[in-house]
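The values are calculated or read from the model by the stated rules, or taken from the named source; none is laboratory data. All values reported here derive from a predicted model rather than from experimental measurement. FYI the Cβ positions are ideal-geometry reconstructions off the backbone, even for glycines, and counts take in every protein chain you see. For accessibility, only protein heavy atoms count, side chains too; no ligands or nucleic acids. Shrake-Rupley method; radii C 1.70, N 1.55, O 1.52, S 1.80 Å.
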Amino acid sequence: MKMPLVTIIIPVYNTEKYLRKCLDSVVNQTYKNIEIIVINDASTDQSLNILKSYASIYKNIQIINNQFNLGVGASRNKGLQETNGEYIYFLDSDDEITY
């Protein structure tokens, strides 16, 4: 039986201070059939570099890069357009999933 795909959508704007902890909490889940869509909302800090670093290690991370700051709602909607998952979870980039 194939496990259902879960999509986690994470809008990111200038959260370099919290982003690694957020991403670690997602990639270290015991459930592995996860696609992770992160939307960099035109961050001006090191958030995009952190995202690229994780995406180079974890092939289930997809980065969408907004050229202009669109806000959290529009960024989530962009992520929704790219989902393949049966279930969708929204996570803020300054939060984490505890397990």
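Could you count how many residues in region 55-99 are over 20 Å from residue 21 (Cβ atoms), assigned to a loop (DSSP other than H, G, I, E, B) and of a type outside the set (A, V, I, L, M)? Qualifying residue count, region 55-99: 11. Within this structure, residue 54 fails the test of being open to solvent by 70 Å² or more (accessible area, probe 1.4 Å), under 30 Å from residue 2 (Cα atoms) and under 11 Å from the mean Cα position of the chain (by Cα).
Conditions tested, residue by residue: (1) in contact with a Cys (Cβ under 8 Å, 6 or more places away or on another chain); (2) within 24 Å of residue 3 (Cα to Cα); (3) surrounded by fewer than 16 Cβ atoms within 10 Å (Cβ to Cβ).
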position	(1), (2), (3)
66	no, no, no
69	no, no, yes
77	no, no, yes
81	no, yes, yes
94	yes, no, yes
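Taken as a whole, the condition of being part of a helix (DSSP H, G or I) and in contact with a Leu (Cβ under 8 Å, 6 or more places away or on another chain) applies to residue 19.
Here region 22-35 is the region considered, the condition is being assigned to a helix (DSSP H, G or I) and of a type in the set (Val, Ile, Thr), and the residue that is surrounded by the most Cβ atoms within 10 Å (Cβ to Cβ) is 26. Residues in region 83-92 that are among the charged types (D, E, K, R) and either touching a His at 6+ places or on another chain (Cβ under 6 Å) or open to solvent by less than 70 Å² (accessible area, probe 1.4 Å) (or both): 1 in all. In the set (1) within 11 Å of the chain's Cα centre (by Cα); (2) open to solvent by 90 Å² or more (accessible area, probe 1.4 Å); (3) under 17 Å from residue 15 (Cα atoms), the condition left unmet by residue 44 is number (1).
Return yes or no: is residue 38 in a strand (DSSP E or B), open to solvent by less than 30 Å² (accessible area, probe 1.4 Å) and at pLDDT 95 or above?
yes
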